[in-house]
Structures are given as structure tokens and as C-alpha cells.
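In what follows, a single structure is set out as C-alpha cells and then discussed.
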Amino acid sequence: MWYRKGAIVSCTRYGDTSFVIGSNAQVDSYRGRTGLFADQVLEGNAALTLRNITPQDQDKYFCVTMTEATTGQSAVVSVVLKAPVRKVEIGFRDESVTCNSKGIYPRPSLVWSTDPPPESGRLHNRTTISETKQGFYDIQSTLQLKETNLNKMYICRVATDSDHRTAFLKLQEPLLACPDSIVTVPCRVPLNVTSYNVTWTFGHQDQIMSVTVTKQKPLVKVFDRWKPHVSVNIQPLGGLTLSQVKRELQGTYSCEVNTLEETHISLTELMIQQGNMNI
């Protein structure tokens, strides 16, 4: 029998986990979330499985074994929850850079920086942290820009006491292309990284292409609408090469590169010139 603060978490009799009698009834908060290796209990393995855990599940758990003759406490296990910073989202809109991350535990912190550093030495931002019903933390921040600087890298770092993740945002120089021409939209890929994922997006939600890079051959997927325009045989890892450029392809292109610890986003505005372009 496993219990916490005097309340039954899980109970089994001769490997039968449905065994419930009187005060041995499982508390509702654990119903459907616990499990034992029923076929191994009689062999001595009474390990407890907890599913869908939240910070409220942190505590000491006691294992009690009972035979017909004796009752004894076999184990005390302390459960400490850590929900790492899995993803940091960074974006640019309305002359401000936004950064957010969700489902973190313990309480995280967020720090802004730029490369090169700001001339004033200070970055004015508004950061809020909210707690979910399950006890996890969501964090979001807005960095207000006095002016859009294409030469700066905006950096957002979200951290707890045990882990962190960093997101980088670069606003690239706009590209100008003629109709029916070929143009390559650049993308910043971190140096000395062997495994990463790349996602290209047009506007905010129109996915163009995804690339998964490992030690094996890169896996490239182009979404149907973009197949007439995307050339995957021309530098698929160095940028997005578009052919037969049309007026409707004018807009903002986002390249998102995800590694184990970092997210790198490059934003490029593509403009299609009407008529011939004078050189």
C-alpha cells in the first residue's frame, strides 16, 4: 500500500490493484493516475507509477507492506518535480519584440540582452509570470523598441535553478526581387551544431518547408502549396530558394532553427518589384 499524508495513493492485494476495502479506498485526486506492476508485485517489485504529475504531487510517499503476521514500512520516497524550459517563443510585431514560455516549474526568470549591447545599457521591458491551475508557471515579456534596428540580435533567456533555454531574433535586410525570378532568403544556423530542426513560415501560419538535420542525410519536407516555388536542390540548409516568384509571394518569411538549448529566428521581408528592375 502506498500512501501520502495518511491518504491511500495505491493499494494491491496478491497483485490485484482493484482491491479496495473501507479505509483502503484510493483518494480521488489519484484515481486513474497511478499504477503498479501487478504481475511483479509477488516477485517483490512494488514500484509506484504516477501519471500527469503536477507541483501539487510533490511530497513524501510511504510504502507499507502487510502480511498475515506482520506490517512494516518498506520505503519512503520524496517526489520533487521539475518541469524544464522546453521551448521559448520569440517574435516581432508592432515595433516590439515578444518572448514567452509555458509549463515551467519551479518559478522561472527572464533576461533580455542584445548583440551589440544597447547604448544606454538598459532595455525597457514588461515581464509577467502567471501560475496555472496545475501549479506550473507561464512567463511572457515584451521589449519595446525605440526604433527597428536591422543590425541587432535580440536575445531572450528563460531559466530556472536547474536549466535554461535561449531564443535569438534577427531582423534581416529586406530583399527585392523581380517577378518570375529566383531569390534565396537567408537563414542563420548556429555554428558547431550537428543536429537541429528548421521550419520556414510565410506570414504567421503558412508553413513552407521543414528540415531535420542529423548525422544522417537531412530530411526535407515541402508543403504542397509551395512545391512549385521551393527548390530543395539549391542550398536547402543555407536558406530558402524560391523560383517563379509571383506577386502573392511578397511578405515576411520566418526561419526558425531549434537545437537542444536554443531557438534562432530570422525574419526577412521579401518585396516583389513591378516590371523590370534596373541594375
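The values are calculated or read from the model by the stated rules, or taken from the named source; none is laboratory data. Nothing here was measured: the structure is a model prediction, and the numbers come from that model. All Cβ positions, even for glycine, are placed from backbone atoms using ideal geometry, and neighbour counts span all protein chains on display.
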Considering each of L240, L169, L249, L176 in turn, give the residue that is more than 21 Å from the chain's Cα centre (by Cα), among the aliphatic types (A, V, I, L, M) and crowded, with 19+ Cβ neighbours inside 10 Å.
-> L240
Answer yes or no as to whether R107 is under 19 Å from the mean Cα position of the chain (by Cα) and of a type in the set (D, E, K, R).
-> yes
When the residues of segment 25-48 are filtered to those that are surrounded by 14 or more Cβ atoms within 10 Å (Cβ to Cβ) and in a helix (DSSP H, G or I), which remaining residue is modelled with the highest pLDDT?
-> Y30
Of all residues in segment 73-103 being in contact with an Asp or Glu (Cβ under 9 Å, 6 or more places away or on another chain) and surrounded by fewer than 11 Cβ atoms within 10 Å (Cβ to Cβ), the one that is farthest from H164 (Cα to Cα) = E95
Confirm whether W226 is farther than 17 Å from L267 by Cβ and of a type in the set (F, W, Y).
-> yes
Sole exception among (1) modelled with pLDDT of 85 or more; (2) surrounded by fewer than 13 Cβ atoms within 10 Å (Cβ to Cβ) for I21, by number = (1)
So T148 fits all but one of (1) touching a Ser or Thr at 6+ places or on another chain (Cβ under 9 Å); (2) outside the structural domain of E262 (by TED's automatic domain parsing); what number is the exception?
-> (1)
Would you check if there is a residue in segment 120-132 being out of contact with any His (no Cβ under 8 Å at 6 or more places or on another chain), crowded, with 16+ Cβ neighbours inside 10 Å, modelled with pLDDT under 90 and not β-branched (V, I, T)?
-> yes
